[in-house]
Amino acid sequence: MSSLELSPDEFHAIANRVLDVASAYLERLDSLPSFPQISGAEAERLFRTPLPEHGIGADVLHDLAAVMNNLRTQNGRFFGYVMGSAEPVAAAADLLVSVLNQNVTAWRSSPAAATIERTVVGWLAEAVGCAGFSGSLTAGGSPANLMALAMARERALPANEDGLLGKNQGTFYASQEVHMSIPKSVALLGVGRAALRLIKVDEAWRMIPEELERAIVADREAGRTPIAIVATAGTVSTGAIDPLERIADIAQRYGVWMHVDGAYGALAAMARPEKFIGLNRADSLSLDPHKWLYQPVDCGCLLYRNAGAARTAFSHTGDYARTLTEDPVEGFAFFEESLELSRRFRALKLWMSLRYHGLSAFREAIAHDLSMAERLVEKITIEPTLEVMGTGELSAVCFRHRGAGEPDAFNASLLKRILQRGRVYLSNATLRGSFCLRACVVNHRTKPEDINAIVSETLAAAKELAGTP
Ligand SMILES: *Cc1c(COP(=O)(O)O)cnc(C)c1O
């Protein structure tokens, strides 16, 4: 027996100790600072230890305290970026996933896991009003967006065999508020970022459809091939939702692929379907259960209307991988529709979490987050020294302090000070050239008091800044 092998008793002992550590962490999560007071030098000293030639056994657990004391914590006062809050049933499932170690490449590599993933993907599609779409779970919204744009490119300008050289130039369209994963994807596809048209937004940060249509017409007249329109359903800065119905009309009129980047917002369609009319007209849709379905990282999802387009873009069946059956269920292979081959059994956490709590509990949690963002807007509005700079239709709120001196510099120092105080975690955004503080609520732990803390901490930090020369 290899010395790496643990007896079932030894596994039970170490897994139990890890569970104890995890449970104790959850117990004190609410009291933990949102960001650790640690410098780069201290982190290096603590964690840049020599390559361990000889093992120390279960003593390794002793160092977990230092790890956990020097993390960012996701209690109810974490409002940075778009970051879900790790629902614990799903977290427990993730441990089992690692023990089972299924490699979900295809049905035959794990019948239960593959079937559960296809089921869960179908549930997600149905939950956001896109019943009938299929797809797969991904590491996140970024690879989902890349895959969607690769599918669109292969449909409009087939280049998998011979490349793009000498072909018509292809173009992509997205709003000025688009997430960086889209220009990154366009660059990786070899089309060139210059081929991404950034369409102007209206006063509420939504793509202006007339501008989109004008850009498409101009490109067609110049002999270029429009490949895809990327509509955003929940922009990162303000949670704006592009006019999906109008964009779908334009996509249809010109025969252009419509992708919706719903990594932040699409799951809110479960709670507020009326904000997402037109979503089900997309050719493809990315959404991130590790954001607004509170799943532990990683869990993204790409949905598409036509699985054939995914197979055209991604299938590369070498003999070793050719399936041994004509049965459509048993012959199903994720790697024929995805850029990934080895794939974690991500579906188990979603399957356990959704069945444990029920969809209605998630719908309520999302609705609660939306009401918490509304509460924040109200609280900011009544504070004379604060102003709301932008908020869309979801749960992101950008604001700033009217403070002394140059507003951008003041608010940048203010953010630093707020994070140092360690009670709430905010991030920032730039809106029409102005530096803003930004809070985003996609957190099943956030309570009204946590929202109040954003305002009180901002005011307290501003007072501290005013007191320093
Ligand atoms: C978070 C986000 C992404 C990227 O998703 P990851 O899961 O972080 O890769 C893309 N688009 C939008 C709008 C996002 O909010």
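The values are calculated or read from the model by the stated rules, or taken from the named source; none is laboratory data. Keep in mind the model is a prediction, meaning the values are calculated, not measured. A quick note on method: Cβ atoms are made from the backbone with ideal geometry, for glycine too, and the neighbour counts reach across all protein chains shown. We work out accessible area using only protein heavy atoms, side chains counted, and drop any ligands, DNA or RNA first. Shrake-Rupley method; radii C 1.70, N 1.55, O 1.52, S 1.80 Å.
What the table below lists for this structure:
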{"quantity": "Candidate set from the stretch 290-313 (those that are within 25 Å of Arg445 (Cα to Cα) and among the hydrophobic types (A, V, I, L, M, F, W, C)); member that is farthest from the ligand (Cβ to nearest atom)", "calculated": "Leu293"}
{"quantity": "Residues of the stretch 380-392 that turn out to be in contact (Cβ under 8 Å) with a residue 60 or more places away in the chain, touching a Leu at 6+ places or on another chain (Cβ under 9 Å) and surrounded by 19 or more Cβ atoms within 10 Å (Cβ to Cβ), as a count", "calculated": "4"}
{"quantity": "In the stretch 34-48, the residues that are among the acidic types (Asp, Glu) and surrounded by 14 or more Cβ atoms within 10 Å (Cβ to Cβ)", "calculated": "none"}
{"quantity": "Residues within the stretch 346-368 that are touching a residue at least 40 places away in the same chain (Cβ under 8 Å) and either of a type in the set (A, V, I, L, M) or on the phi > 0 side of the Ramachandran plot (or both), tallied", "calculated": "9"}
{"quantity": "Qualifying residue in the stretch 161-170 (condition: surrounded by 24 or more Cβ atoms within 10 Å (Cβ to Cβ) and not acidic (Asp, Glu))", "calculated": "no"}
{"quantity": "Single unsatisfied condition, Arg445 versus (1) buried (at least 19 other Cβ atoms within 10 Å of the Cβ); (2) within 22 Å of the chain's Cα centre (by Cα); (3) over 20 Å from Pro407 (Cβ atoms)", "calculated": "(1)"}
{"quantity": "Within the stretch 232-260, considering residues that are in a loop (DSSP other than H, G, I, E, B) and either open to solvent by 10 Å² or more (accessible area, probe 1.4 Å) or of a type in the set (S, T, N, Q) (or both), the one nearest to Gly308 (Cα to Cα)", "calculated": "Gly255"}
{"quantity": "Residue satisfying all of: in the stretch 171-189; out of contact with any helix residue (DSSP H, G or I) (no Cβ under 9 Å at 6 or more places or on another chain) and not aliphatic (A, V, I, L, M); least open to solvent (accessible area, probe 1.4 Å) among these", "calculated": "Glu177"}
{"quantity": "Among (1) over 20 Å from the mean Cα position of the chain (by Cα); (2) crowded, with 18+ Cβ neighbours inside 10 Å; (3) without any contact (Cβ under 8 Å) to a residue 60 or more places away in the chain, the one test that Gly308 misses", "calculated": "(2)"}
{"quantity": "Breaking point among (1) assigned to a helix (DSSP H, G or I); (2) open to solvent by 40 Å² or more (accessible area, probe 1.4 Å); (3) basic (Lys, Arg); (4) more than 16 Å from the ligand (Cβ to nearest atom), for Arg153", "calculated": "(2)"}
{"quantity": "Test set (1) more than 16 Å from the ligand (Cβ to nearest atom); (2) open to solvent by less than 20 Å² (accessible area, probe 1.4 Å) - Gly141 fails condition number", "calculated": "(1)"}
{"quantity": "Residues satisfying the stated conditions in the stretch 76-132, i.e. part of a loop (DSSP other than H, G, I, E, B), within 16 Å of the ligand (Cβ to nearest atom) and open to solvent by less than 60 Å² (accessible area, probe 1.4 Å)", "calculated": "Phe79, Gly80, Val82, Met83, Gly84, Ser85, Ala86, Val128"}
{"quantity": "Meets criteria (in contact with a strand residue (DSSP E or B) (Cβ under 8 Å, 6 or more places away or on another chain), of a type in the set (Asp, Glu) and either assigned to a loop (DSSP other than H, G, I, E, B) or more than 16 Å from the ligand (Cβ to nearest atom) (or both)) for Glu177", "calculated": "yes"}
{"quantity": "Tabulated pairs, the stretch 120-148, first more than 20 Å from Gly190 (Cα to Cα), second within 16 Å of the ligand (Cβ to nearest atom) and open to solvent by 20 Å² or more (accessible area, probe 1.4 Å), C-beta under 7 angstrom, 6+ apart or interchain", "calculated": "Ala139/Asp298; Gly140/His290; Gly140/Asp298"}
{"quantity": "Candidate set from the stretch 261-289 (those that are among the acidic types (Asp, Glu) and more than 9 Å from the ligand (Cβ to nearest atom)); member that is least open to solvent (accessible area, probe 1.4 Å)", "calculated": "Asp283"}
{"quantity": "Residue match in the stretch 243-250 (condition: β-branched (Val, Ile, Thr), within 30 Å of Leu437 (Cβ to Cβ), modelled with pLDDT of 95 or more and within 16 Å of the ligand (Cβ to nearest atom))", "calculated": "no"}
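Conditions (1) in contact with a helix residue (DSSP H, G or I) (Cβ under 8 Å, 6 or more places away or on another chain); (2) surrounded by fewer than 12 Cβ atoms within 10 Å (Cβ to Cβ), marked per residue:
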site	(1), (2)
Ser2	no, yes
Phe11	no, no
Leu26	yes, no
Leu32	no, no
Pro50	no, yes
Asp63	no, no
Asn70	yes, no
